[in-house]
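Below is one structure, written out as structure tokens; the observations come after it.
Bear in mind that the values in this text are calculations on the coordinates, not laboratory data. This structure is a prediction, so every number in the text was calculated from the model and none was measured. For neighbour counting, all protein chains shown are included, and Cβ atoms are generated from backbone atoms with ideal geometry for every residue, glycine included.
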Amino acid sequence: MPLIKDGRIVEDEWVAVADGEPVPADRPAVVTFERWQAERASFDGRNAALGVRVKSGTLAPAIAPDLDRFALVAIEFPKFRDGRGFSTARELRERFGYQGEIRAVGHVIPDQYRFLLRTGFTSAEAPENTNPESWAHALTEITVAFQPSLDDPQPLSLLRRRLGS
């Protein structure tokens, strides 16, 4: 799957490891949350970066105690209309102060890209044969927001209040 960052396709240095498969010791690897819970001790002393992939229904507090162990949190979107991942990403950033990469995986579409960034995502796995221009265009399509976000704490609604409109 192509990886989108800053509206363009970039090289993905991470390898997604299926449950039961060996985890490479010399490459950044992403394991499922279930595997992390079952094999946590086996990752002690690991030198390469580790990431965790969580299902859309996994709440941020479930992984919060271990956030310092993960350089990447991948949040699944089973369908583009399932918005739980947006809430999880925002909570990881705002409540738990997570500074690493948050990646949207699964069924995400360019129309959601701006909202992904506003809630704390840094990258998204795009479908195969995606049109890169559609992801870049999504960054310019909506330039004003009414709600505060992680990428713009001064939304239009606050500006209007300050100006007395």
#### Entry: Ranked list, fewest to most other Cβ atoms within 10 Å of each Cβ, for D66, D26
D26, D66
### Query
Where nothing but the Cβ of Lys and Arg (+1) and of Asp and Glu (-1) is charged, how large is the charge dipole of the stretch 1-155 around its Cα centre, in debye to the nearest 20?
400
### Summary
Least to most buried among Y98, Y113, by other C-beta atoms within 10 Å and fewest first, runs Y98, Y113
### Query
Any idea what angle helix 132-141 forms with the longest principal axis of the chain, computed on alpha-carbon atoms, 0 to 90 degrees, nearest 10?
40
### Query
Quick one: R46, R118, fewest Cβ neighbours within 10 Å first, how do they rank?
R46, R118
#### Entry: Mean residue ellipticity (222 nm) of the chain, computed from DSSP H runs ≥ 4 via -39,500 (n - 2.57), nearest 500
-7500 deg cm²/dmol
### Summary
Most fluctuating of L117, L139, L72 in the GNM of the chain (C-alpha, under 10 Å) is L139
### Projected-area average for the chain over all orientations - Cα convex hull basis, square nanometres
10.6
### Task
Can you check what the net charge comes to around I4, using other residues whose Cβ is under 14 Å from the Cβ of I4 (Lys, Arg +1; Asp, Glu -1)?
-4
## Note on the structure
Lys and Arg at +1, Asp and Glu at -1: neighbours of A60 with Cβ under 13 Å from its Cβ sum to +2
### Query
All other residues with a Cβ under 15 Å from the Cβ of H137 taken together, and with Lys, Arg as +1 and Asp, Glu as -1, what is their net charge?
-2
